[in-house]
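Visitor: Here it is, the structure in full.
The values are calculated or read from the model by the stated rules, or taken from the named source; none is laboratory data. Keep in mind that what you see is a predicted model, and the values were worked out from it rather than measured. No Cβ is skipped: glycine too gets one built from the backbone with ideal geometry, and neighbour counts run over all protein chains shown.
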Amino acid sequence: MRPLPPSTIVGVVGSGAMGQGIAQVAAQAGHPVRLVDARPGAAASAVAAIAKTLNGLVDKGKRTAAERDATLNRLTAVDGLPDLAPAGLVIEAIVEDLDVKRRLFAELESVVGPDAILATNTSSLSVTAIAAGVARPERLAGLHFFNPAPLMALVEIVSGLATDPTIAATLFDTARAWGKSPVRCRSTPGFIVNRVARPFYAEGLRLLQEQVGDPASIDAILRESGGFRMGPFELMDLIGHDVNFAVTRSVHAAYFGDPRFQPSLIQQELVDAGRLGRKSGRGFYDHSPGADRPAI
Ligand code: NAI
């Protein structure tokens, strides 16, 4: 198979942490990108945030001003799904909720052309189940980026039961053309990365609950002795506790309550308190400007 040509319009639905990063990746790879979000103004803010990121890269000499301008010229914040009609690929990065994603894809199917590929960035939901809600499930696959999408090379190309292998192959080659390192997998709870990552978070949370160590100490050990780029608490703060808790619950339920994947009450508390990590300014750590102290 060949990758989608750069002339293919890419629609991105959801302009949060992931949608913003994915839109940047696709635009940098040469695609015209249309970004949409249910929250008014959110897509425009995401484009502004991408501009800020690219300005920073220009200042550091990692991009030329011409490259920045070309990328920004390819990015458009649009108002609604009908604006995605000419897209050849639509990547969904909205809330991690099966019913909401199904509703979105059903609506998208009535908007895009017959050859458009539909992709979900879900971390943990069944691609098979998401696709079961559309009329043509063979054109839907998982295209699972990692946070932050512009920096993380890995992308899981996830096939549901009905996914056409040529669609998965096109997405694989497209991800590679975008400078990523794609891997293929079948749709199983958590796919590969989120399945092996769950015990990483869960064991850290158990250590904290048992008061064996605080987040900063546990993170430091994993970073400095374990060779991980981030410890479990830093990583959960980066991902966002709302997202990470939803993924934990979904993987736990999907494995019929297997205790290896059991969510922690600490996660529940953080979500209930609105301490979602970096995105809200506070999680395990205090991320407010100037703060250098752990919050917990
Ligand atoms: P987020 O909460 O930062 O952004 C989600 C965005 O989607 C919000 O701006 C929200 O307004 C918008 N949205 C919600 N429902 C919508 C709808 N029906 N139509 C249009 N826009 C809608 O979430 P984040 O972190 O970007 O996650 C998005 C998806 O990516 C989830 O499925 C998540 O599991 C997955 N993911 C998240 C990762 C992470 O580290 N945060 C990593 C890889 C995948």
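Visitor: Could you identify the single residue in ARG206, ARG223, ARG186 that is within 29 Å of ASP164 (Cα to Cα), out of contact with any helix residue (DSSP H, G or I) (no Cβ under 7 Å at 6 or more places or on another chain) and more than 16 Å from the ligand (Cβ to nearest atom)?
Guide: Of the residues listed, the single one that is within 29 Å of ASP164 (Cα to Cα), out of contact with any helix residue (DSSP H, G or I) (no Cβ under 7 Å at 6 or more places or on another chain) and more than 16 Å from the ligand (Cβ to nearest atom) is ARG186.
Visitor: Name the residue that is modelled with the lowest pLDDT, counting only residues in the stretch 181-210 that are closer than 18 Å to ALA168 by Cα and polar (S, T, N, Q).
Guide: THR188
Visitor: Go over the candidates GLY142, GLY179, GLY204 one by one and state the one that is among the small types (Gly, Ala, Ser), in the same structural domain as ASN244 (by TED's automatic domain parsing) and in contact (Cβ under 8 Å) with a residue 24 or more places away in the chain.
Guide: Checking each option against the conditions leaves just GLY204.
Visitor: With the stretch 121-218 as the region, which helices (runs of 4 or more DSSP H) entirely inside it contain at least 3 residues that are at negative phi and of a type in the set (D, E, K, R)?
Guide: 193-209
Visitor: Condition check: surrounded by fewer than 23 Cβ atoms within 10 Å (Cβ to Cβ), more than 15 Å from the ligand (Cβ to nearest atom) and under 17 Å from LEU140 (Cβ atoms). Does GLY88 satisfy that?
Guide: Against the criterion (surrounded by fewer than 23 Cβ atoms within 10 Å (Cβ to Cβ), more than 15 Å from the ligand (Cβ to nearest atom) and under 17 Å from LEU140 (Cβ atoms)), GLY88 qualifies.
Visitor: Residues of the stretch 148-168 being surrounded by fewer than 16 Cβ atoms within 10 Å (Cβ to Cβ) and under 19 Å from VAL25 (Cα atoms), which ones? Give the derivation first.
Guide: Step one: of the stretch 148-168, the residues surrounded by fewer than 16 Cβ atoms within 10 Å (Cβ to Cβ) are 148, 151-154, 161, 165-166.
Answer for the stretch 148-168, where residues must be surrounded by fewer than 16 Cβ atoms within 10 Å (Cβ to Cβ) and under 19 Å from VAL25 (Cα atoms): PRO148, LEU151, MET152, ALA153, LEU154.
Visitor: In the stretch 210-234, what residues are crowded, with 20+ Cβ neighbours inside 10 Å and of a type in the set (Val, Ile, Thr)?
Guide: Matches in the stretch 210-234: ILE218 only.
Visitor: Among the residues of the stretch 51-72, is any at pLDDT 95 or above, at negative phi and touching a strand residue (DSSP E or B) at 6+ places or on another chain (Cβ under 8 Å)?
Guide: no
Visitor: Quick one: which of ARG68, ARG102 is surrounded by 14 or more Cβ atoms within 10 Å (Cβ to Cβ), in the same structural domain as PRO150 (by TED's automatic domain parsing) and either of a type in the set (S, T, N, Q) or within 22 Å of ALA149 (Cβ to Cβ) (or both)? Please lay out each step first, then the result.
Guide: Details: ARG102 fails: either of a type in the set (S, T, N, Q) or within 22 Å of ALA149 (Cβ to Cβ) (or both).
So the residue among ARG68, ARG102 that is surrounded by 14 or more Cβ atoms within 10 Å (Cβ to Cβ), in the same structural domain as PRO150 (by TED's automatic domain parsing) and either of a type in the set (S, T, N, Q) or within 22 Å of ALA149 (Cβ to Cβ) (or both) is ARG68.
Visitor: Sticking with this one: Can GLY160 be described as closer than 24 Å to TYR255 by Cβ and over 12 Å from the mean Cα position of the chain (by Cα)?
Guide: Judged against the criteria, GLY160 is a match.
Visitor: Restricting attention to the stretch 1-20, and to residues there that are touching a helix residue (DSSP H, G or I) at 6+ places or on another chain (Cβ under 7 Å) and under 18 Å from GLY113 (Cα atoms), which single residue is farthest from the ligand (Cβ to nearest atom)?
Guide: In this case the residue turns out to be LEU4.
Visitor: Quick one: would you say ILE266 is within 16 Å of the ligand (Cβ to nearest atom) and out of contact with any Asp or Glu (no Cβ under 6 Å at 6 or more places or on another chain)?
Guide: No: the conditions fail for ILE266.
Visitor: Let me ask you something else. Going through the stretch 122-150 one residue at a time, which ones are within 12 Å of the ligand (Cβ to nearest atom) and aliphatic (A, V, I, L, M)?
Guide: Result: LEU125, VAL127, ILE130, LEU143, ALA149.
Visitor: Kindly indicate which of ILE167, ILE157 is in the same structural domain as GLN24 (by TED's automatic domain parsing), under 21 Å from ILE239 (Cβ atoms) and modelled with pLDDT of 95 or more. Lay out the reasoning, then the answer.
Guide: On the way: ILE167 fails: under 21 Å from ILE239 (Cβ atoms).
From the options ILE167, ILE157, the qualifying one is ILE157.
Visitor: For the stretch 1-15, indicate whether the set of residues that are modelled with pLDDT of 95 or more and touching a Phe, Trp or Tyr at 6+ places or on another chain (Cβ under 9 Å) is non-empty.
Guide: Within the stretch 1-15 (the criterion being modelled with pLDDT of 95 or more and touching a Phe, Trp or Tyr at 6+ places or on another chain (Cβ under 9 Å)), the answer is yes, since at least one residue qualifies.
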